[in-house]
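Just below is one structure, and these are the notes that go with it.
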Amino acid sequence: MQRRDTEVPQRDPSHQEPKPAPHQPLPEGSLDRLEEEIAAAAEELIGEAVGTEQTALARPPRPELGDYSTNAGLILARQARLPPRQLAQQIGEGLQRRLGGRMLHFEVAGPGFLNIFLDDAWHVQALRSVLAAGERFGAGGAQRPQRVLIEFVSANPTGPMHVGHARNAAYGDALGRLLAFHGEHVSREFYVNDAGSQILKLGESIQAIAEGREPPEHGYHGEYVHSLLGAVAAGERVSAAELGGRAVAIIVEKMKSSLARFRVLDYEHWQYESELHEVQPQLLGREGTPVSPVAHAIELLEQKGMTYRSEGALWLRTSQLGDDKDRVLVRANGEHTYFASDIAYHQRKRERGFERQIDVWGADHHGYVPRMRAAYQALGGDPDHLEMIIMQLVHLVRDGRRAQMSKRAGEFVTLDDLVQEIGVDAARWYLLSRSHETTIDLDLDLAVKQSSENPVYYVQYAHARIASMLVKASAHVRFQALEGPDPPALHPSERDLVKVLLQFPHEVAEAADRRAPHRIAAYALELAQSFTAFYRDCRVLGAQPACAEELRLALSSATQRVLARALDLLGLSAPESM
RNA sequence: GCCCCCGUAGCUCAGCUGGAUAGAGCGCCGGACUUCUAAUCCGAUGGUCGCAGGUUCGAAUCCUGCCGGGGGCACCA
């Protein structure tokens with residue numbers, strides 16, 4: 001074993017840092033630590049601080065190329081004024097002095113890669129660091145935790161949620177879980193568009209059907225409207241507006257239960273658009289009297305000189321802030337546009353103290369992005385603090401051809417249909433294992449047929465396998481601390497599994513920073529595969545010597561924990577048995 | 001016309017803030033169940049990374065142009 005005091009990187013030799021307590025070792029097995037050592041070795045050579053943003057510690061494509069490789073020699077060659085291979089060689093020598101026996105040897109390869117070969121003790125120590133982190137392994141990597149508000153789904157309350165909403169729901173929910181685990185303070189909201197003409201139309205449609213008439217032109221048809229007839233009692237005379245309001249209440253309740261079944265974590269707040277038009281006692285306007293949030297936002301924009309009147313309407317100068325043209329806030333007929341409500345909503349969110357707002361929108365809203373960003377900026381917000389994530393569409397495929405999703409044509413797959421047909425886990429995996437930036441083709445018949453082959457079950461199976469194994473083991477082995485002597489030699493599959501586990505914090509950080517939960521799905525599959533290979537190659541229960549069994553149980557336990565975490569981040573279940 | 005997304009194996013998709021011989025799942029073909037869960041495993045097949053230039057030691061990745069697919073360009077929501 002290396003002496004610890006030779007391994008502490010001394011970035012500033014003149015500053016005496018307190019030695020770490022013997023029982024609180026630095027996370028020697030962590031990749032951050034390894035990167036630090038590489039950077040330190042490079043700095044020692046170059047004699048100045050090096051930019052490590054560009055350098056990367058990677059897993060080489062083939063095992064013969066070592067456990068890890070770094071491109072530091074290539075990236076820093078210019079700064080060091082050395083040929084890349086020569087620099088890599090010297091960094092390797094420095095690293096060898098720092099890591100001592102933990103590094104078996106190194107090789108310089110290709111144009112200047114430094115390939116690093118680590119010994120078994122390094123891997124065992126790495127596993128210990130994973131175990132020591134416990135449930136927090138991979139958590140809390142956020143640089144500076146912020147109050148983040150994610151608004152997602154926000155389906156119009158005029159009909160059922162379709163597969164597009166399902167994708168939005170799965171994504172927004174997973175992103176929320178991911179950011180929270182990463183260390184952000186996450187809130188979730190659903191924006192209910194319960195104002196405007198569409199709700200009136202909905203009321204009129206229900207009225208018409210209740211009275212045996214045809215719904216009005218551009219009204220709502222179909223079974224779904226029939227299911228809302230409970231909003232009006234037999235013989236009762238109510239206005240279309242009132243009826244529309246009642247229908248919204250019913251639909252929102254339906255959406256809540258559908259989302260809960262889809263395992264979407266509860267929203268902190270359901271924001272009704274209509275409330276943004278109501279006078280809020282605590283919100284004082286220019287005149288010193290209470291105003292509505294919409295009026296408040298418009299006043300602010302007027303004060304900043306960002307509005308003007310033209311053709312009877314009130315306009316916002318969004319074209320000054322990157323939009324193609326100016327946009328109307330108040331129409332000539334005196335009604336507010338949807339845009340005005342949305343501005344008020346975003347302003348309220350900011351005033352409520354959210355430092356970052358993430359809106360998850362459908363692809364059909366992408367043209368809306370520049371004006372919203374402009375408005376946010378016009379109100380004094382930092383445009384970088386408003387993220388509008390555009391989800392690409394889910395295309396319905398029937399008989400190998402794309403079909404338009406249309407309520408009238410019956411080509412309409414709802415969130416509930418999807419859950420009923422293939423289940424929550426398969427549906428979520430299907431929607432979350434792909435980037436939100438790519439369109440998805442959904443052939444429901446095919447999805448049903450293939451649902452049993454969904455890779456999600458492979459991941460869950462690995463989890464269940466470990467669970468069942470650990471139940472058998474727990475009676476006679478203590479493994480959590482991994483206190484025994486290191487086993488004689490690790491199997492390649494054991495070393496590989498350790499390295500895949502070590503990747504997890506990095507994967508979480510990447511997925512969170514890039515708003516890309518699908519990376520977690522890819523990682524979960526890779527981890528399950530590595531575990532299965534390990535399970536195939538290494539007998540766990542009863543392995544000899546005892547320290548080998550202890551290590552393998554520890555490895556299994558750590559894997560189970562990370563699998564469960566990855567599944568949870570995607571809102572998937574982690575069954576104990578299958 | 002302008003803007004956004006996509007084009008990678010038979011299919012569905014990863015990889016895209018530049019790294020080594022481009023990956024996975026499914027499908028297809030051949031094999032493995034008295035052994036810790038066979039919802040598994042092993043092997044085989046499978047690619048002009050849409051096309052053409054450019055930048056670079058190095059391009060699926062960055063830049064430009066083109067082709068193809070999808071979506072959006074309201075005093076609708």
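For this structure, a couple of remarks:
- Any chance A:ARG263 is in contact (Cβ under 8 Å) with a residue 40 or more places away in the chain, of a type outside the set (Gly, Ala, Ser) and at positive phi: yes
- When the test is whether a residue is open to solvent by less than 60 Å² (accessible area, probe 1.4 Å) and closer than 30 Å to A:VAL148 by Cβ, A:VAL232 does not pass it.
- Counted residues, the range A:56-69 - those being part of a helix (DSSP H, G or I) and either within 6 Å of RNA strand B (Cβ to nearest atom) or in contact with a Leu (Cβ under 9 Å, 6 or more places away or on another chain) (or both): 1
- Members of the range A:423-445 that are away from RNA strand B (no atom under 12 Å from the Cβ) and within 17 Å of A:ARG261 (Cβ to Cβ): A:VAL424, A:ALA427, A:ARG428
- A:SER310 vs. criteria among the hydroxyl-bearing types (Ser, Thr, Tyr), farther than 30 Å from A:ASP173 by Cα and touching a residue at least 12 places away in the same chain (Cβ under 8 Å): no
- Cβ pairs under 7 Å, 6+ apart, first in the range A:444-457 and closer than 16 Å to A:VAL397 by Cβ, second open to solvent by 70 Å² or more (accessible area, probe 1.4 Å): A:LEU444/A:GLU421; A:VAL448/A:GLU421
- Enumeration of residues in the range A:70-106 that are surrounded by fewer than 19 Cβ atoms within 10 Å (Cβ to Cβ), touching a Leu at 6+ places or on another chain (Cβ under 8 Å) and part of a strand (DSSP E or B): A:LEU104
- Residue within the range A:524-534 that is within 9 Å of RNA strand B (Cβ to nearest atom), in a helix (DSSP H, G or I) and in contact with a Pro (Cβ under 8 Å, 6 or more places away or on another chain) present: yes
- Residues in the range A:235-261 that are among the charged types (D, E, K, R) and surrounded by fewer than 12 Cβ atoms within 10 Å (Cβ to Cβ) were compared, and the one that is nearest to A:ASP173 (Cα to Cα) is A:GLU253.
- Filtered by the rule that a residue be of a type in the set (A, V, I, L, M, F, W, C), within 6 Å of RNA strand B (Cβ to nearest atom) and touching a Leu at 6+ places or on another chain (Cβ under 8 Å), the range A:446-476 gives a lone residue, A:MET469.
- Of the set (1) over 23 Å from A:GLY141 (Cβ atoms); (2) touching a Leu at 6+ places or on another chain (Cβ under 6 Å), all apply to A:CYS547 but (2).
- Number of residues in the range A:558-571 that are open to solvent by 10 Å² or more (accessible area, probe 1.4 Å) and within 15 Å of RNA strand B (Cβ to nearest atom) equals 2.
- Candidate set from the range A:279-312 (those that are part of a loop (DSSP other than H, G, I, E, B) and surrounded by 15 or more Cβ atoms within 10 Å (Cβ to Cβ)); member that is modelled with the lowest pLDDT: A:GLY285
- Selection of the range A:364-386 for residues being within 14 Å of RNA strand B (Cβ to nearest atom) and either buried (at least 16 other Cβ atoms within 10 Å of the Cβ) or more than 24 Å from the chain's Cα centre (by Cα) (or both) yields A:TYR368, A:VAL369, A:PRO370, A:ARG371, A:MET372, A:ARG373, A:ALA374, A:ALA375.
Conditions tested, residue by residue: (1) within 11 Å of RNA strand B (Cβ to nearest atom); (2) modelled with pLDDT under 95; (3) open to solvent by 20 Å² or more (accessible area, probe 1.4 Å); (4) part of a helix (DSSP H, G or I).
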{"site": "A:ALA511", "(1), (2), (3), (4)": "yes, no, no, yes"}
{"site": "A:ALA522", "(1), (2), (3), (4)": "yes, no, yes, yes"}
{"site": "A:LEU541", "(1), (2), (3), (4)": "yes, yes, yes, no"}
{"site": "A:GLN544", "(1), (2), (3), (4)": "no, yes, yes, no"}
{"site": "A:LEU553", "(1), (2), (3), (4)": "yes, yes, no, yes"}
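- Condition check for A:GLY334: under 29 Å from the mean Cα position of the chain (by Cα), outside the structural domain of A:VAL192 (by TED's automatic domain parsing) and surrounded by fewer than 20 Cβ atoms within 10 Å (Cβ to Cβ): no
- Candidates A:PHE354, A:PHE339, filtered to the one that is under 22 Å from A:GLN271 (Cβ atoms), assigned to a loop (DSSP other than H, G, I, E, B) and either in contact (Cβ under 8 Å) with a residue 12 or more places away in the chain or more than 8 Å from RNA strand B (Cβ to nearest atom) (or both): A:PHE354
The values are calculated or read from the model by the stated rules, or taken from the named source; none is laboratory data. For clarity, every value in this text was computed on a predicted model and none was experimentally measured. Glycine gets a Cβ as well: all are built from the backbone with ideal geometry, and neighbour counts include every protein chain shown. Heads up: the accessible areas ignore ligands, DNA and RNA and are worked out on the full protein's heavy atoms, side chains in. Shrake-Rupley method; radii C 1.70, N 1.55, O 1.52, S 1.80 Å.
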